[in-house]
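Novice: Have a look at the structure that comes next, please.
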Amino acid sequence: MKRRVLLAAAAVALASGHVAETRGQATEGAPTKSEAVAGPEAGDPGLTAQRVSLAFDSAQVRDVLAALAEFTGLSFAPNADAAAVTIRAVDIRSRPWPDALEAILTAQGLGWETNQAGIIVVDWLESLDDRQRYRREATVFELKHAEAVAVVNSLQHLLTPGLGEVVADPAANALVVTDSPSALDRIAGVVAQLDRPRPQIAIEAKIIYVNRSGLEALGITYDLKDRQGAAVEQGINHIIPAPDPASRQDVDTDGDGEPDAAIFDLTNETIVSFGGSAIAAVADARAGVAAPVLQILVAAALGDFTLFGFLEALETARLTEVRAAPSIRALDNTEARIQVGERTPIRVLESGAQLEQARVSVRFEDTGIILNVLPRVLGDGNIRLQLAAERSGVISTGAEGYTFQRQVGETTLVVEDGETAVIGGLTLAERVVIERGVPGLMRLPLIGGLFRSRSVNEVKMDLMILVTPRILTPRGG
């Protein structure tokens, strides 16, 4: 009888709004975890913050829910077994009613949730978790930077097996994900990580021809060496001697008593050296190339000289020529393509048909200097470059069609932001035959050779491709 009297008194207090401390007044402050429980159905959003005081020795869950239903105006639907659970020794003073309900139910292994109709369902926590796990909801994620089609594959392993589904909408660049609420929360965090702005990389290239024959006519040869001084090809000529830092001597050149310059002893180290067909590069495919190779190196300042200073000196002497200086922008991990050349039309006959009945189509073959660059920004700010250089061209045509010559080299290397990679690998050797003689007499049979002379000039041209990637800072970054 004591249990019934205490519970009845609590129910009357709840129904009338007279509680121990606040007498039904709404309390302002931070929203509680279960603020959405009251909803529009309660008629008063402030009910979610109303405080209650409950004190009883023993009561069943159904009786407590009935009292709260009178107090809040909400509907409660307990599980049959959960409704019969007996709650003992409860003393809650001046707490928001959702917090009080949460504490009472959790202590008994129970929980509650609000369904779509606004009814509060009370059940065992395991049952609520199962329902939550297998309840499907759909969420649309609008992507600002990433491509929806590309993100789909990354989300597949996050979906609940047999329940989750993700569909990409390329037109709206959005993802429609259907899964349980807990899985959707997890997927939302992953989508936010994937939908980040991708850096852009500006790729500058220079295609430079070096007149090797002109240098040799001046008594200069050059070879290629790496940073450690190892020669790529045999034959070394110290064009630009390297200063020895240990031999530095400060000197006074203007007589004021203060050193204003420094002198160094020159070493046998070669700062810029190139050699044979090791540097040349991707030149005219119609010419023969002796021992073509592709070498990739990183140009960096060594001592007081650089590769670029050497090239500028040759340009001043008109021994180099910049044929093209294209530049292009590319997104991170997106391939950029640079082509300096032409498209050669090729007639293609229908296979299997007789010559007079065959249909003729035309396709185009890209020739010239083709450079494919795939940049990737690394975590340390460096840039990984996947480079593929191609030199191709038509060397002859005949009744059977065109003959193409192609040299291709591929490599991967890491450079710093703004650092230049130099691609080389071919030397173009072109022979020019010049005949001089007395007109008429030089063509006479047998004795014509007495009135003419023949000279053969070989012109060697080296080609360098300089690739410089730079990371572009986003606006506002």
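Novice: Just to check your reading of the model, which residue among Q108, Q193 is surrounded by 14 or more Cβ atoms within 10 Å (Cβ to Cβ) and either under 30 Å from T72 (Cβ atoms) or modelled with pLDDT of 90 or more (or both)? Walk me through how you get there before you give the answer.
Specialist: Values: Q193 fails: surrounded by 14 or more Cβ atoms within 10 Å (Cβ to Cβ).
Result of the check over Q108, Q193: Q108.
Novice: Pairs needed: first member in the stretch 189-213, small (G, A, S); second member anywhere, surrounded by fewer than 16 Cβ atoms within 10 Å (Cβ to Cβ); C-beta distance under 6 Å; at least 6 residues apart or different chains.
Specialist: A202/R329; A202/L472; A205/P326; S213/V459
Conditions tested, residue by residue: (1) more than 20 Å from L125 (Cα to Cα); (2) modelled with pLDDT under 85.
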site	(1), (2)
A11	yes, yes
T27	yes, yes
K33	no, yes
V37	no, yes
P45	yes, yes
F56	yes, yes
V61	no, no
S94	yes, no
D99	no, no
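Novice: Also: Being under 21 Å from R391 (Cβ atoms) and either exposed (fewer than 11 other Cβ atoms within 10 Å of the Cβ) or at pLDDT below 80 (or both) is the filter here; which residues of the stretch 347-366 pass it? Spell out the reasoning first.
Specialist: First, pick out the residues of the stretch 347-366 that are under 21 Å from R391 (Cβ atoms): 363-366.
Result: R363, F364.
Novice: Kindly indicate whether G118 is part of a strand (DSSP E or B), under 51 Å from the mean Cα position of the chain (by Cα) and either among the charged types (D, E, K, R) or within 23 Å of S182 (Cα to Cα) (or both).
Specialist: Values: part of a strand (DSSP E or B): no; under 51 Å from the mean Cα position of the chain (by Cα): yes; either among the charged types (D, E, K, R) or within 23 Å of S182 (Cα to Cα) (or both): yes.
No.
Novice: Also, I was wondering about something else. So in the stretch 149-160, with the set limited to residues that are touching a strand residue (DSSP E or B) at 6+ places or on another chain (Cβ under 9 Å) and either assigned to a loop (DSSP other than H, G, I, E, B) or surrounded by 13 or more Cβ atoms within 10 Å (Cβ to Cβ) (or both), which one is modelled with the lowest pLDDT? Reasoning before the result, please.
Specialist: Step one: of the stretch 149-160, the residues touching a strand residue (DSSP E or B) at 6+ places or on another chain (Cβ under 9 Å) are 149-152, 155-156, 158-160.
After this cut, where a residue has to be either assigned to a loop (DSSP other than H, G, I, E, B) or surrounded by 13 or more Cβ atoms within 10 Å (Cβ to Cβ) (or both) as well, the list is 151-152, 155, 158-160.
Numbers: V151: 92, V152: 92, L155: 92, L158: 90, L159: 90, T160: 83.
Looking at residues that are touching a strand residue (DSSP E or B) at 6+ places or on another chain (Cβ under 9 Å) and either assigned to a loop (DSSP other than H, G, I, E, B) or surrounded by 13 or more Cβ atoms within 10 Å (Cβ to Cβ) (or both), I get T160.
Novice: Which ones in the stretch 58-78 are small (G, A, S) and in contact with a Leu (Cβ under 6 Å, 6 or more places away or on another chain)?
Specialist: A59, A67 - these are the residues of the stretch 58-78 that are small (G, A, S) and in contact with a Leu (Cβ under 6 Å, 6 or more places away or on another chain).
Novice: If you go through the stretch 86-105 one residue at a time, how many are loosely packed, with under 12 Cβ neighbours inside 10 Å and not in a strand (DSSP E or B)? Walk me through it before giving the result.
Specialist: Narrowing the stretch 86-105 to residues loosely packed, with under 12 Cβ neighbours inside 10 Å: 86, 88-89, 91.
Okay, now just the ones that are also not in a strand (DSSP E or B), so none.
Count: 0.
Novice: When you go through (1) at pLDDT below 85; (2) touching a Phe, Trp or Tyr at 6+ places or on another chain (Cβ under 6 Å); (3) basic (K, R) one by one for R343, which number turns out not to apply?
Specialist: Tallying (1) at pLDDT below 85; (2) touching a Phe, Trp or Tyr at 6+ places or on another chain (Cβ under 6 Å); (3) basic (K, R), R343 fails exactly one: (1).
Novice: Sticking with this structure for a sec: Taking the conditions exactly as written (crowded, with 17+ Cβ neighbours inside 10 Å and over 30 Å from the mean Cα position of the chain (by Cα)), does L143 satisfy them or not? Reasoning before the result, please.
Specialist: On the way: crowded, with 17+ Cβ neighbours inside 10 Å: yes; over 30 Å from the mean Cα position of the chain (by Cα): no.
Judged against the criteria, L143 is not a match.
Novice: Let me ask you something else. Only one residue in I370, I383 is closer than 14 Å to E342 by Cβ and either modelled with pLDDT of 85 or more or exposed (fewer than 15 other Cβ atoms within 10 Å of the Cβ) (or both). Which one?
Specialist: I370
Novice: Please enumerate the residues belonging to the stretch 386-409 that are modelled with pLDDT under 80, among the small types (G, A, S) and either over 34 Å from the mean Cα position of the chain (by Cα) or closer than 24 Å to V348 by Cα (or both).
Specialist: At the first step, the residues of the stretch 386-409 found to be modelled with pLDDT under 80 are 391, 393-409.
Keeping just the survivors that are among the small types (G, A, S) gives 393, 396, 398-399, 401, 409.
Hits for the stretch 386-409 are G393, S396, G398, A399, G401.
Novice: Another one. Restricting to the stretch 161-183, what's the tally of residues that are modelled with pLDDT under 90 and either buried (at least 18 other Cβ atoms within 10 Å of the Cβ) or of a type outside the set (S, T, N, Q) (or both)? Give the derivation first.
Specialist: Step one: list which residues in the stretch 161-183 are modelled with pLDDT under 90, which gives 161-164, 179-183.
Filter once more, so that each one left must be either buried (at least 18 other Cβ atoms within 10 Å of the Cβ) or of a type outside the set (S, T, N, Q) (or both): 161-164, 179-181, 183.
Selection size over the stretch 161-183: 8.
The values are calculated or read from the model by the stated rules, or taken from the named source; none is laboratory data. Please read these numbers as outputs of a predicted model, since none were measured by experiment. Backbone-built Cβ (ideal geometry, glycine too); neighbour counts: all protein chains shown.
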